[in-house]
Each structure stands twice: as C-alpha cells, then as structure tokens.
1. Only one of these is within 16 Å of the ligand (Cβ to nearest atom) and either modelled with pLDDT under 95 or in contact with a His (Cβ under 6 Å, 6 or more places away or on another chain) (or both): ALA312, ALA324. Name it.
2. Scanning the stretch 72-96 for residues that are aliphatic (A, V, I, L, M) and crowded, with 18+ Cβ neighbours inside 10 Å, which turns out farthest from LEU320 (Cα to Cα)?
3. Looking at this structure, is SER343 within 24 Å of SER52 (Cβ to Cβ), among the hydroxyl-bearing types (Ser, Thr, Tyr) and out of contact with any Asp or Glu (no Cβ under 6 Å at 6 or more places or on another chain)?
4. Can you give me the ranges of the helices (runs of 4 or more DSSP H) entirely in the stretch 10-70 with at least 3 residues that are over 20 Å from ALA362 (Cβ atoms)?
5. Among the residues of the stretch 269-283, are any within 26 Å of SER148 (Cα to Cα), assigned to a strand (DSSP E or B) and away from the ligand (no atom under 12 Å from the Cβ)?
6. State the number of residues belonging to the stretch 249-266 that are more than 13 Å from the ligand (Cβ to nearest atom) and closer than 18 Å to TRP89 by Cα.
7. Applying the selection to the stretch 323-349, what residues are β-branched (Val, Ile, Thr), assigned to a helix (DSSP H, G or I) and over 15 Å from GLY211 (Cα atoms)?
Amino acid sequence: MADSIVVLGGGVIGLSCAFEAARRGMKVTLIEPGTTGGQASGAAAGMLAPYSENTEQPDAFFQFCLRSLRLYPDWIRDIEELSGMSAEWVRSGSLNVFMHEADVLPVETRMRWQNEWSARAELVGAAELRKLEPKLTASAVAGLYTPSESHVYAPKLVEALEAACRKLGVSVVEQAGALLDASVNPGGGATVRFSRLDGPVHAERLVVCAGAWSGEYGRWFGLSVPIHPIRGQICSFGHAAGEVRHMVFSSQAYWVGKRNDRLVCGASEDVAGFETSVTERGIGRLVRSSGRMFPHLAGKETLHRWAGLRPATRDGLPLLGEIAGTPSVIMAAGHYRNGILLSPATAFIVADLLEGKRVEPALAAFAPDRFTPAAKIGLGH
Ligand code: GLY
C-alpha cells in the first residue's frame, strides 16, 4: 500500500478520494490550485438522480451511477458523523414532467428498463401530478415519478468532506496556484510543482482529480486527454418550504428546492472555454422556463445566478484508473453532470487501486489512456 498520496484537486471527487484513502490509513496531501469546492462542485445542484440523468439505456455510465447511489447512505452517514456537519440530504423523489401526450409513449420504454434497475418509477396522470406537486402548471399532462432520487446541498457536502478529511489528518493545501510541471520519477513516484508552493511536491502515488482542468496533466504524462469544460449556468429563486416538493425535470430545465429557502433552477450546457460568468441569454431561458412550469414564479426575480464548468470527455465516460505504463498516476476526472453522485464509487475505486487491488474488468471502459495511441503510452516518463 502506498503511504504518500498526493491528490490534485479539491472538488468533490478529490476530497472524496482523499477522505477514503485517509480512512484506510494512508497519508494524504490534497493540493487545490484555488479554493476547495470552487468549481463544478460548488456550482452543482447536488442531484442524486441516475435515472433522470440517464434516459437512454443501462450502459456502463448508468451502472456506475447506480453503484454510487447505493453507497450514499453509509457514505453520507460517515462524513456527517466525522465532520459533525449535515450535507442536507433530502429524499424528495423526482418528477419528470411532460407537456404533450406524444412525449409520454417513449417514457414507457424508459420506465420499463429503469424499473428493472430498481427505480420504482411510475407514470402519473395530470390530476395525480398536481397532487404530488400542487404549484405545477395546469398544462402538464403526465409525469414520471421516481421516488428513489434525491439531492444533497453540494456546498455543504464539500464543506463536510473537507472537515472530515482534516479530522483524518489529510493535509489540505489551498491556493497552490498554477500547475508548473508534473513528472513521473524513474525510480517510482511522481513530482508536481505549483506556482505558489515553495519547491516541488513528491508523492509515491498521484491522484489527478482536476475536473475540466485534467487535460493539462495529459501533456505531462504523455497522454491524450480529451476533456473540456461545458458551462452550466444556474440560478435560484426564493422558496417557501414545501412549495416545490420534488426535484422536477422538464425538457428545458430542472428545479430543486433546497432547505435554505432557495429553489435552484439549472442548467445551461454551453461551450465558453473556462469562462464562468453568466449570460442574460443563459439565465433568461431558465427564468422563462421557470415561469412556464411554475406559474407562481412568473415575473419573479432570481436571487442568485452562477455558473460552473462540468468536465466532459469525448465519449461521455469518466477517466478513472491508473495510467498504463505509469502506475504512480491515477486519474479520477470527467464525471460531467454527475460528479456529486459518482463521488463515493470513484473514491472506493481509487482507494482500492492505491491499496494495490486490481482494476475491475467492468471499469475498462473508463481507462484514462483509452484515447492515447498504444505506441505513445508510457512515454511520459
Ligand atoms: N447534474 C445537473 C447538471 O449538470 O446540470
């Protein structure tokens, strides 16, 4: 078992990997270029919604989401107990709402396969829909109710994870600045240098959890890492308790009622490089959709507007595992819209690899070197 681990990135994935490695007895340092939870994790709506987020088929990504959802009860309990903080997990269930009869037929196929995978979903008609969600528009004709979906408050989860990491002895280094270089040492281990840290940092194993920024590590480790940021613009409205009871999804947006009197509405999917500003166009679309779905929101001002960068890979699958030929480096990135949900399963796999366990065949689809020509693998030494 490696005992000097450096985790690169203080988002939910990095903190989760650090937490799991530390509680298995490893000595962990986490390095964050800015502030923990400052990027996609802080912007997230915190949905634990494998069914609403995967509507096509039970592929490897969906199965990974489900595996992670099943870990959540114990995971949250352990983080909350250790940190003494609440992640505000709300078992709200979800409603996918349809405005046209024609949208309902394809949903029956989806419901069938999702119920084979434990969704317990049911189709509800207009009257039942409004009983479940009284503020909903009268134009909604049907909904898919999935009681097994839920949400956490992502900034609180990140805060609790960080506190739990510190309690376990993880050294959390924030404001490290830009990555200057990273290299694999010929005798084993790896070294990184950051602009605001004095001198190089050496590690027996490096875990790269740099979200949309993970691509730049590829350059140093001889990998092709096609990962790019997809901006999610998001906003919130004031919200009285119980006004919106479930996570509600439409073809245009989603709404999540948080415990802090906020209704979060997300999210755009736009390409704007590493820009995290919001635009009138992006937020305007959410505001208009909100008024259409919930008439009580029509004309209401947003309370807060923000954006985060989801790490998207070319094939939509995460990068998770050791780099072939460079076992000192593990990647855990590219979780796109599901980083909060996928954090426990990712952390368990990373900790298993750090303990020297073999990678499961089911995870071959996530191999971080899958985009790199075989002849180039291992040339990053
Ligand atoms: N998981 C929701 C989003 O990425 O907007």
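The values are calculated or read from the model by the stated rules, or taken from the named source; none is laboratory data. Being a predicted model, the structure only gives us computed values, none of them experimental. Cβ atoms come from the backbone with ideal geometry, glycine included; neighbour counts cover every protein chain shown.
1. Numbers: ALA324 fails: within 16 Å of the ligand (Cβ to nearest atom).
The match here is ALA312.
2. Here is the first cut: in the stretch 72-96, the ones aliphatic (A, V, I, L, M) are 76, 79, 82, 85, 87, 90, 95.
Retained after the next criterion (residues that are crowded, with 18+ Cβ neighbours inside 10 Å): 76, 79, 82, 87, 90, 95.
Working: ILE76: 22, ILE79: 23, LEU82: 27, ALA87: 25, VAL90: 28, LEU95: 31 Å.
Step by step, filter the stretch 72-96, then rank; the result is LEU95.
3. Details: within 24 Å of SER52 (Cβ to Cβ): yes; among the hydroxyl-bearing types (Ser, Thr, Tyr): yes; out of contact with any Asp or Glu (no Cβ under 6 Å at 6 or more places or on another chain): yes.
When the stated conditions are applied, SER343 passes them.
4. Here the list reads 12-23, 40-43.
5. Filtering the stretch 269-283 down to residues within 26 Å of SER148 (Cα to Cα) leaves 269.
If we keep only those that are assigned to a strand (DSSP E or B) as well, we get none.
Checked against the condition, which is being within 26 Å of SER148 (Cα to Cα), assigned to a strand (DSSP E or B) and away from the ligand (no atom under 12 Å from the Cβ), the stretch 269-283 yields no hits at all.
6. Residues flagged as more than 13 Å from the ligand (Cβ to nearest atom) and closer than 18 Å to TRP89 by Cα within the stretch 249-266 amount to 7.
7. So in the stretch 323-349, the residues β-branched (Val, Ile, Thr) come out as 323, 326, 329-330, 340, 346, 349.
Now restrict to residues that are assigned to a helix (DSSP H, G or I): 340, 346, 349.
If the condition is that a residue be β-branched (Val, Ile, Thr), assigned to a helix (DSSP H, G or I) and over 15 Å from GLY211 (Cα atoms), then ILE349 is the only one that fits.
Table: residues versus (1) farther than 30 Å from VAL97 by Cα; (2) in contact with a helix residue (DSSP H, G or I) (Cβ under 8 Å, 6 or more places away or on another chain); (3) surrounded by fewer than 24 Cβ atoms within 10 Å (Cβ to Cβ).
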residue	(1), (2), (3)
ILE13	yes, yes, no
ALA21	yes, yes, no
SER41	no, yes, no
LEU48	no, yes, no
SER52	no, no, yes
